[in-house]
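Here the structure is laid out as structure tokens; the discussion comes afterwards.
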Amino acid sequence: MKNKFVIAVYVDNKFGVLTRVTSMFTRRGFNIDALTVGETERPEYSRITISLSGDGYAREQMINQLRKLYNVKKVEILEDEGAVKRELSLIKLKNAAEHRADIMTAVQVYRAKIIDYGTESMCIEITGESSKIDAFIQTVMPYGIIEMCRTGVVALERGSGSILEKE
């Protein structure tokens with residue numbers, strides 16, 4: 001049975017590290033559902049957050065392979081109950097007068113924001129768990145999505161500790 005899981009990887013913030021990490025997935029035939037990368041609280045490190053689908057064997061295999069890579073400092077599975085996970089999406093919708101009130105209602109219900117408004121289109125920002133964004137997309141799809149982009153999952157472990165502090 002395939003389950004979604006999220007892996008946090010701390011790596012050296014150097015040229016070519018992301019390529020090494022992603023090519024390891026390619027060589028082993030694993031598909032990445034979402035990938036986000038950014039500098040951390042320590043500029044010498046980047047954090048890669050990878051969302052995947054797979055069984056328990058695939059999960060363990062990926063963790064073991066990641067730990068073997070040069071430039072990888074720490075690898076951690078972020079379990080649902082022990083982590084805060086969020087995603088950002090920008091969605092450009094047609095701004096037709098007959099649907100405007102329904103769109104505004106959906107924006108309020110899902111706690112989204114209108115960040116650009118024009119006579120023919122509007123751009124909406126929504127953040128939250130992936131399931132919330134999926135539901136919002138389904139709600140506004142009938143009104144005409146012109147364009148959209150999603151960041152992929154970013155996640156942090158709950159509590160006061162840091163992934164780098166763990167043994």
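Things worth noting here:
Table: residues versus (1) of a type in the set (Ser, Thr, Tyr); (2) out of contact with any Phe, Trp or Tyr (no Cβ under 8 Å at 6 or more places or on another chain); (3) within 18 Å of Ile77 (Cα to Cα).
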position: Gly16; (1), (2), (3): no, yes, no
position: Arg20; (1), (2), (3): no, no, no
position: Ser23; (1), (2), (3): yes, yes, no
position: Asp33; (1), (2), (3): no, yes, yes
position: Glu39; (1), (2), (3): no, no, no
position: Arg42; (1), (2), (3): no, yes, no
position: Ser46; (1), (2), (3): yes, no, yes
position: Ser51; (1), (2), (3): yes, no, yes
position: Gly54; (1), (2), (3): no, no, yes
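- Scope the stretch 21-38; condition more than 19 Å from Val84 (Cβ to Cβ) and exposed (fewer than 14 other Cβ atoms within 10 Å of the Cβ); matching residues: Ser23, Thr26, Arg27, Arg28, Gly29, Asn31
- Selection of the stretch 114-150 for residues being closer than 27 Å to Asp80 by Cα and exposed (fewer than 11 other Cβ atoms within 10 Å of the Cβ) yields Ser131, Gln138, Cys149.
- Residue in the stretch 90-109 that is touching a residue at least 12 places away in the same chain (Cβ under 8 Å) and within 30 Å of Ile163 (Cβ to Cβ) present: yes
- Given (1) at pLDDT below 90; (2) closer than 25 Å to Asn31 by Cβ; (3) small (Gly, Ala, Ser), index of the condition Ser162 fails: (2)
- From the options Asn95, Asn64, Asn71, residue that is more than 20 Å from the chain's Cα centre (by Cα) and crowded, with 18+ Cβ neighbours inside 10 Å: Asn95
- Pair list, Cβ < 9 Å and 6+ apart or interchain, from the stretch 139-167 residues that are without any contact (Cβ under 8 Å) to a residue 12 or more places away in the chain to residues that are in a helix (DSSP H, G or I) and among the hydroxyl-bearing types (Ser, Thr, Tyr): none
- Selected residue (only one of Ile137, Ile133 is in a helix (DSSP H, G or I), within 18 Å of Asp33 (Cα to Cα), within 14 Å of the chain's Cα centre (by Cα) and of a type outside the set (Phe, Trp, Tyr)): Ile133
- Residues satisfying the stated conditions in the stretch 68-109, i.e. within 22 Å of Gly152 (Cβ to Cβ) and of a type in the set (D, E, K, R): Lys73, Lys74, Glu76, Glu79, Asp80, Glu81, Lys85, Arg86, Glu87, Lys92
- The residues on offer are Tyr70, Tyr143, and the sole one that is of a type outside the set (D, E, K, R) and in contact with a Leu (Cβ under 8 Å, 6 or more places away or on another chain) is Tyr143.
- Of the criteria (1) small (Gly, Ala, Ser); (2) touching a residue at least 60 places away in the same chain (Cβ under 8 Å); (3) buried (at least 17 other Cβ atoms within 10 Å of the Cβ), which one Gly82 fails: (3)
- Enumeration of residues in the stretch 120-149 that are at pLDDT below 95 and either in contact with a helix residue (DSSP H, G or I) (Cβ under 7 Å, 6 or more places away or on another chain) or among the hydroxyl-bearing types (Ser, Thr, Tyr) (or both): Ser130, Ser131
The values are calculated or read from the model by the stated rules, or taken from the named source; none is laboratory data. What you are looking at is a predicted structure, and each value in this text was computed from that prediction instead of being measured. So basically every Cβ, Gly included, is an ideal-geometry build from the backbone, and we count neighbours across all protein chains shown.
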